[in-house]
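Reading through the structure tokens given below for one structure.
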Amino acid sequence: MISTELATRLRDAGLTWKPTEGDRFHIDAPELAAEVFTVSTLTIEAHHFPTGTVLGFNGTTEWALDSVDIEDTLWLPREDQLRDLLGRTFRSMVRDGESYIVEADLLGQRRTFTATDPADAYGRALLALVELAGE
């Protein structure tokens, strides 16, 4: 799973989240920092309103949560989502010992991004792409 630090950097760089079934996220609250939630029709549903997206908690009395604004969450994209977001810039991913290396074509330059977790390697490549798009 992508690290919280990298997910935060992606969000701060401008990566937007449109919640779908199976997405994982944190709630930005110190008492819930260790909890990872999953969007699921049975427990947590995304409700889209003109004013923004709200994640509704269905039958979760133990958390005493009815809903949370998407702005108060941190999306933890999966490896496949990160790869999909890289789109046509993605070239390859290989394992080299304990490391994973993602190669991407960013503005005509081949660049590599290395991490010990494949999701973080994809995430680092996506961060570079999002930062370039924001320039």
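Key figures
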{"quantity": "Spherically averaged projected area in nm², based on the convex hull that wraps the Cα atoms of the chain", "calculated": "9.4"}
{"quantity": "Measure of compaction for the stretch 18-76 (Cα Rg per 2.2 N^0.38 Å)", "calculated": "1.02"}
{"quantity": "Phi to ³J(HN,Hα) by Karplus 6.51 cos²θ - 1.76 cosθ + 1.60 over the stretch 27-42, Hz, x for Gly, Pro", "calculated": "9, 6, 8, x, 6, 10, 4, 8, 8, 10, 9, 10, 5, 8, 3, 7"}
{"quantity": "Relative contact order of the chain, defined on C-alpha pairs under 8 angstrom at six or more residues apart (%)", "calculated": "26"}
{"quantity": "For the stretch 79-134, alpha-carbon Rg over 2.2 N^0.38 Å", "calculated": "1.01"}
{"quantity": "Listed residues Val39, Val94, Val68, most fluctuating in the chain (Gaussian network, C-alpha, under 10 Å)", "calculated": "Val94"}
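Coordinate-derived values only; no laboratory data. Since the structure is predicted, the reported quantities are computational estimates derived from the model, not experimental observations.
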